Amino acid sequence: MPELIAKGPFDGVEPLVMAGLTLAPVEDGPIWSIALLPGGAKAAAKALKPLGLAFPGPGGISEKAGLRLVWTGRDQAFLFGDLPAGLEGAAVVTDQSGGWAGVTLTGPGAARALGRLVAVDVRLAAFPVGGVVRTGLNHMSAVILRTGEDAFEIRVFRSMARTCWHELAEVLRHLGARAPLSA
Amino acid sequence: MRLTCPLCGPRDRREFYYYGAEDYLNRPDAGAPGSAWDDYLHNRDNPAGMTRDLWYHEQGCAQWLIVTRNTVTHAVTAVDLVAGRQGAAT
Ligand SMILES: [Zn+2]
């Protein structure tokens, strides 16, 4: 078996700091898709409860001790972290590790910056901390988590990693160019 | 134009893919007469008023939706999950 070289989607990419905002790569561990089988909600809840997790409803995130369950669709969530036992029979579990690329966008005005690329209302009142939306980031499908008032995590298909970075970096450059003019 | 996805909330039209009439949900049995298949595949009403059609929330939750809308006023009066409807496969 040849020795294969593992590469991350953002190897060699340094965080970009501009206009008071920071765009940075996220290093994800394992990611699992948990798709509930019909009638599997009860059994899944039973398996998740001892971990302090609950299967999230639309737009929800359940998080505890290094495990994070993020709603991604009807009766479906992504689990970030090591797969716990007990979900067999309750859900179809597929390994998504390495299939997604993530970045964080943080800093004052992060929502306004993100709003340049997404058509959903990302203001705090409409998109509170601890929530998730699946929407388009420009033309890419994205999973966007609000981890703080001024902090977002954005995940896209890994094949879109550099495009996602390019689009967001361009937003930061535009805002950076405007800043001295409006000072 | 916006559609209010039952799961995702109000979303821009660009997030959705339009498929066609709700008729596509009523697939004839394999042994149905040719006329039933003709209706299913080809024959559509073209109403001035309320119509129901299928949309896919492509850039959102990836659910098929039944959209009830009015072709005269452009009002969208309901958006329902295909998966949630009576008699649907789960
Ligand atoms: Zn949706």
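The values are calculated or read from the model by the stated rules, or taken from the named source; none is laboratory data. Because the structure is a prediction, the values reported are computed rather than measured. Counting neighbours? That spans all protein chains shown, and the Cβs are built from the backbone with ideal geometry, glycine included. SASA here: full protein model, heavy atoms, side chains in, ligands and nucleic acids out. Shrake-Rupley method; radii C 1.70, N 1.55, O 1.52, S 1.80 Å.
Observations on the model:
- Shown in residue order for region B:73-79 are the 3J(HN,Hα) couplings computed by the Karplus curve 6.51 cos²θ - 1.76 cosθ + 1.60 at θ = phi - 60°: 9, 6, 5, 9, 9, 7, 9 Hz (x for Gly and Pro).
- For region A:31-95: rounded, prolate or oblate by the Cα gyration tensor [a/c cutoff 1.5]: rounded
- Distant-in-sequence amide contacts of A:A91, defined by a placed amide H-H separation under 5 Å and a gap of 5 or more residues or a different chain, comprise A:L37.
- Around the amide H of A:V26, modelled in the peptide plane, lie the amide H atoms of A:G102, A:V103, A:T104, all under 5 Å away and 5 or more residues distant in sequence or on another chain.
- Accessible area buried between chains A and B, both sides summed, probe 1.4 Å, in Å² to nearest 100: 1100
- Converting phi to 3J(HN,Hα) with the Karplus coefficients 6.51, -1.76 and 1.60 and the offset θ = phi - 60°, region A:102-109 yields x, 9, 10, 10, 9, x, x, x Hz in sequence order, with x at every glycine or proline.
- The protein assembly as shown shape via C-alpha gyration tensor axes, a/c threshold 1.5: oblate
- Residues of type aspartates and glutamates that A:K46 reaches as a straight line, Cα spacing below 19 Å, ignoring anything fewer than 8 places off in the same chain: A:E63, A:D75, A:D82, A:E88
- Remark: relative contact order (region A:128-183) = 23 percent; criterion is Cα-Cα distance under 8 angstrom and separation of 6 or more residues.
- Across region B:57-72, rounded Karplus estimates of 3J(HN,Hα) from the backbone phi angles (6.51 cos²θ - 1.76 cosθ + 1.60, θ = phi - 60°) give 7, 5, 9, x, 7, 6, 9, 7, 10, 9, 9, 9, 9, 10, 6, 8 Hz, Gly and Pro being marked x.
- Sparse-neighbour loop sites [trypsin sites (Lys or Arg not before Pro); region B:1-74; at most 14 other C-beta within 10 Å; DSSP]: B:R44
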